[in-house]
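First up is the structure itself, then whatever we jot down about it.
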Amino acid sequence: MVGTYDSWLVILSIVVAVSASYVALALVTRVTASADKKAAHYWLVGGALSMGTGIWSMHFIGMLAFRLPIAMSYDIPITLLSLLIAAIVSGFALYTVSSGTMNLRRLIGAGVLMGLGIASMHYTGMAAMQMEPPISYDKLLFILSILIAIVASLAALWIAFQLRLETNLAGFGKKIGSALVMGAAISGMHYTAMAAANFEPNSICSVSPQYIDHVWLANTIGGFTVAFLATTLLISVFDAKLTERKKAEVLLTQLAQFDSLTGLPNRVLFRDRLALAMARAKRNEQLLAVVFIDLDRFKEINDSLGHPAGDEVLQAVAGLLRNLLREVDTIARLGGDEFTLILENVTHIDQIAVVAEKILRVFSEPIVLHRREIFVTASLGITIYPRDAVGVDTLLQSADIAMYHAKDEGRNTYEFYAPEMNAHAIEDLNMENLLRRALERGEFLLHYQPKVSLKNGRIVGVEALIRWNSKEQGLISPARFIPLAEATGLIVPIGEWVLKTASAQNKAWQDLGLPPLLMSVNLSPRQFRQKTLLDTLTAGMQSAGLDSRFLEFEITESVIMRQGENAIAILQALHKLGIQISIDDFGTGYSSLAYLKRFPVHTLKIDQSFMRDLTIDGDGAGIVTAVIAMSKSLGLKVVAEGVETEEQLACLTKLNCDEYQGYYFSRPLPADEFRLLFQSTLQASIV
């Protein structure tokens, strides 16, 4: 018995197959994108029903499209069983694709099982026709249909896995193309299986009633399926938009309340948590501590290793602090290298000190980045609620003040806030405000201290020393304002002013007919790190019209040693300009004369602390003797600073020191007084 096909219903079955394939791809995306396990479960069950209904509808419409010259009908329980098989197969496919990983072994195993499941659905549906005698199948086509089902399943699973992360909008084109391929494969399997069926000439359908309106039933099933699939698709699109909106809201909250680099709460969230913690402490009559942590010399890490390395250090520090603290405590990054802690449930101040000491111990171990050990220390400021303050801002301010006091005490330590610290901080703030206006108000002046040759007693050089005559506070010691200028960065414009003024003064003395002198100018650590250093120096000398060979820069040994290879490049560039280099305060740092051979240095200045014990302490004299002897062997000139007695001068002469400066010869003098002193020494040497 030979059957025929209704062309319209065949087309309808293929349309349903393609539609079901597209919805299946969309459902895979929804199951994969569902972060909530419960939501993912709902999408898996609903998707299995929707996708299974689509696949089954294609199969059943394809069977309704098949016409025999006898009345035909279908057993309802068996037909529903084929629908159940389709839903189970669809659920298995969705679960397999959305589970996260897909290797070749898993793909083949899942494809084979899914293909056998689809084939089972089809041949179960065929069995619902209840033909007498039973339907026989062409073995070759039967096997081919199963192979097509497996291959189609493999292709469908692979495509769905590849597109599982594509959104409905972004992946629309890809999913349409993939749905056409999948729909054609599913239809090919169905019609190959139908071709494998053989009906005997005397076959009858034993299902009652035997007559059904195939066109009406196919259109009804097709219409319902398309509507069901469309509804599922619309729900998935709506859910996707809702999920994206929730993700955007979460991201905005994350950006607004958390630090993007370390993942720690930022300043906004920290303030909120601090206010809540203060309320809990008040209610429970407990103490609360705010700890302000600032990494010591963190800028040097950024300058020497680069900002990416600095970011990795900050992330490592955040991890160390997370592991150290209790769950009840809060750690935040306020910005830069500043971290803040909230320590709750505190009953005694000693508990806070224990935590602070643990933090310092953690920082005693190196941080390893790319096989490089980086040592980082921190200064901690601690304030206690409600003892020190009762407001969020005042607590943070007090902790900040205590932290800066810890830095003043030498760093790598912690300090509890005390009221007198606030007075000191206010004084520093007032001085900083005055310092910022000092340049424009012309309050700085230079004094000049002569450098004298030990061989002939003549002035052979001069050091420019800055003084500040504040209109509000009078003369302020350099020891008071220079560290503040260095910390605030004001030392850079002040240093430029010193260079221009000293260079111009040296040129003015030469224009008066005085013999040329080597003018020494101190170069601060922050100036030494400036990328525009060479341009600034050149501009300063050119504006004064001073030859570079009459200029010397004094740099402390610790600054040079910390800069390493970068220092060598800078010093060599200065040397090429004809500028001389002097190592100031030698002996107070950690360098060695052997290491200094690498630097283009001309002069060593022995720190004045060694002069005090030169004539009364054998160790002090031994150090000075060794420095002078080794300097001579390296061809370096030696200058002793802080010489105040005749005995010190005699000892230095015996040790073959080159030059000295100090109150024994002259204190630092204003420009006019220095000129008169210089002229008088010149006249005395002529007489």
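The values are calculated or read from the model by the stated rules, or taken from the named source; none is laboratory data. Predicted model only: the values in this text are computed from it and were never measured. Backbone-built Cβ (ideal geometry, glycine too); neighbour counts: all protein chains shown. Accessible surface is based on the protein model in full, side chains and every heavy atom, while ligands, DNA and RNA are left aside. Shrake-Rupley method; radii C 1.70, N 1.55, O 1.52, S 1.80 Å.
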Highest-first arrangement of 184-195, 633-644, 537-548, where packing means the average Cβ count within 10 Å = 184-195, 633-644, 537-548
Relative contact order of region 492-579, defined on C-alpha pairs under 8 angstrom at six or more residues apart (%) | 35
Counting alpha carbon pairs within less than 8 Å and at least 6 residues apart, what relative contact order, in whole percent, applies to region 343-470?
-> 15
Ignoring ligands, DNA and RNA, what percent of the 1.4 Å accessible area of region 451-566 is carbon and sulfur?
-> 52
Across region 635-641, in residue order, what do the Karplus-derived ³J(HN,Hα) couplings come to in whole Hz, using 6.51 cos²θ - 1.76 cosθ + 1.60 with θ = phi - 60° and x for Gly and Pro?
-> x, 9, 7, 10, 10, 9, 10
Sites R280 and T394, calculated FRET efficiency, Cβ-Cβ separation with R0 22 Å, nearest 0.05 | 0.75
Under 12 Å from the Cα of K531 - aspartates and glutamates, other chains or at least 8 residues apart = D303
At 1.4 Å probe size, with no ligands or nucleic acids counted, give the accessible surface of W216 in Å², nearest ten.
-> 150
Counting Lys and Arg as +1 and Asp and Glu as -1, what is the net charge of the other residues whose Cβ lies under 15 Å from the Cβ of L68?
-> -2
Farthest towards the positive end of the dipole of region 596-671, among T645, S666, V601 and with Cβ unit charges of +1 on Lys and Arg and -1 on Asp and Glu, lies the Cα of V601
L636's amide H: which non-local residues (gap 5+, or another chain) put their own amide H closer than 5 Å, with H modeled 1.01 Å from N in plane and none for Pro or chain starts?
-> none
Using θ = phi - 60° and the Karplus relation 6.51 cos²θ - 1.76 cosθ + 1.60, list the HN-Hα couplings for region 396-405 in order, rounded to whole Hz, with x at every Gly or Pro.
-> 5, 5, 5, 5, 5, 4, 5, 5, 5, 5
Å² of accessible area per residue within region 324-423, as computed with a 1.4 Å probe and no ligands counted = 49
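To the nearest 20 Debye, how big is the dipole of region 496-551 about its Cα centre, given +1 on the beta carbon of each Lys and Arg and -1 on that of each Asp and Glu? Show your work: numbers first, answer last.
Details: 6 positive and 4 negative charges, 48 e Å.
I would put it at about 220 debye.
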Could you list the residues of region 301-317 with an amide nitrogen less than 15 Å from a label point located 7 Å from the Cα of E365 in the Cα-to-C-beta direction?
-> 316-317
Residue by residue, what Karplus-based ³J(HN,Hα) values in Hz, rounded to whole numbers, does region 329-337 have, using 6.51, -1.76 and 1.60 with θ = phi - 60° and x for Gly and Pro?
-> 7, 10, 10, 9, 10, 7, x, x, 10
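Listed here are the pairs K299/K637; K500/K654; K507/K576; K471/K637; K576/K632; which of them are more than 32 Å apart at the Cα?
On the way: K299/K637 34 Å; K500/K654 38 Å; K507/K576 21 Å; K471/K637 41 Å; K576/K632 23 Å.
Long pairs (Cα-Cα over 32 Å): K299/K637; K500/K654; K471/K637.
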